[in-house]
Amino acid sequence: MEGAGFQLPDLEGIRRGLRRPSHRLPGSEPRWRRRRTSALTGCARCPAEVAAAISSRPGPWAPCATRVMRTEAEVAGQPLEPGDFVQLPVPIIQQLYHWDCGLACSRMVLRYLGQLDDEEFENALQELHLTRSIWTIDLAYLMRHFGVRHRFCTQTLGVDKGYKNQSFYRKHFDTEETRVNQLFAQAKACEVQVEKCTVSVQDIQAHLAQGHVAIVLVNSGVLHCDLCSSPVKYCCFTPSGHRCFCRTPDYQGHFIVLRGYNRATGCIFYNNPAYADRMCSTSISNFEEARTSYGTDEDILFVYLDS
């Protein structure tokens, strides 16, 4: 073979070449070397790696600015402007019962802020007398208890008497009306920030772009995740082995945590406490329909990273 001009490859040279730093321009690397990015996260890291990174260090975390993130739009040659894509590493905590979605969302937020202590959290629930009927104003008081800067925006400063005829509110309405109205009345004195106002999607996106998060009350019967194969029966969070006799109501209140958005695809990213293993995504139009449904009062609790 030597007479035919064949030479053994310079293996040591190849090894040296592989160790050299690359001077290729971004995006010019061979296709086989590119890592596939997710349409959901826009991040080259797999979900397991991201989850491990989140759980391995306490918050607070910056709004993913520390990670190089690429969306499908960027891969296709359509770079996004700063602020067009946000995905905050908010940890997911699943609710335990059918009624504690708001508390699970509060745990997610406090862990994101690096302020979650399970024993202290349980003590706070007892001190604030939080039971199985959790309203958004309760979550605002909970944030105040932990010294977290917040802003609770709603359309009704108190309880809407029209909800008495709603099946979702009927069971606890008579006993809760006085308590909830009193919380609203005492909010200013207790330094709980409550404001009657309308919030736009642009306001929400601007809030998320700063690394802040928000807890939103939605109608779960309207909210649909584009990534989940089948809808969850929120009224069926009962212990294993219990049979469900529920019917689909006109309104089913449910709390979620907003964690980002993608303007290019027109979607909102959120954590649904119904799940323990995924981040959800829905269109802005569906999100708006779910959060403005009658029964929600358009409640949104803005929570700030610099607390």
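Values quoted throughout were computed directly from the atomic coordinates according to the rules given, and no laboratory measurement underlies them. Computed from a predicted structure; not experimentally measured. Glycine gets a Cβ as well: all are built from the backbone with ideal geometry, and neighbour counts include every protein chain shown.
For segment 153-160, what does the Karplus curve 6.51 cos²θ - 1.76 cosθ + 1.60, with θ = phi - 60°, yield as ³J(HN,Hα) per residue in whole Hz, taken in order and with x for Gly and Pro?
Each residue of segment 153-160 in turn: 9, 8, 8, 9, 8, x, 9, 6 Hz.
Can you give the local net charge around residue 298? Use residues other than it whose beta-carbon is closer than 14 angstrom to its beta-carbon, Lys and Arg +1, Asp and Glu -1. Could you put the intermediate results ahead of the total?
Working: positive: 151, 196, 291; negative: 160, 195, 203, 288, 289, 297, 299.
Summing Lys and Arg as +1 and Asp and Glu as -1 gives -4.
From the backbone phi of segment 268-282, what are the Karplus-calculated ³J(HN,Hα) couplings (6.51 cos²θ - 1.76 cosθ + 1.60, θ = phi - 60°) in whole Hz, Gly and Pro given as x?
Along segment 268-282, the couplings run 10, 9, 8, 9, 9, x, 5, 10, 10, 10, 7, 9, 9, 8, 9 Hz.
Once you sort the root eigenvalues of the Cα gyration tensor of segment 268-307 as a ≥ b ≥ c, which label holds: rounded (a/c under 1.5), prolate (a/b larger than b/c) or oblate (the other case)?
oblate
Which FRET efficiency, nearest 0.05, do residue 189 and residue 292 yield, Cβ-Cβ r, R0 25 Å?
On the way: r = 30 Å, r/R0 = 1.20.
So the FRET efficiency works out to roughly 0.25.
With a 10 Å radius around each residue's Cβ, average the other Cβ atoms per peptide and rank 191-199, 114-122, highest first.
The most tightly packed comes first, giving 191-199, 114-122.
Could you give the nm distance between label points at residue 206 and residue 155, where each point is 7 Å from its Cα heading toward the beta carbon?
My value for the distance between the label points is 2.2 nm.
Net charge near residue 266: determine it from the other residues with C-beta under 13 Å of the C-beta of residue 266, scoring Lys and Arg +1 and Asp and Glu -1. Mind dumping the intermediate values first?
Details: positive: 263; negative: 84, 226, 288.
Neighbour charge sum, excluding residue 266 itself: -2.
Working out 0.36 nm times the residue gap between residue 277 and residue 181, then minus their Cα-Cα distance, what length gain in nm do you get to one decimal?
Difference between extended and current length: 30.9 nm.
Work out the FRET efficiency for residue 84 and residue 228 from their Cβ-Cβ distance, taking R0 = 25 Å, and round it to the nearest 0.05.
0.55
Round to a whole angstrom and tell me the spacing of the C-alpha centers of segment 93-131 and segment 257-307.
Cα centroid of segment 93-131 versus Cα centroid of segment 257-307: 19 Å apart.
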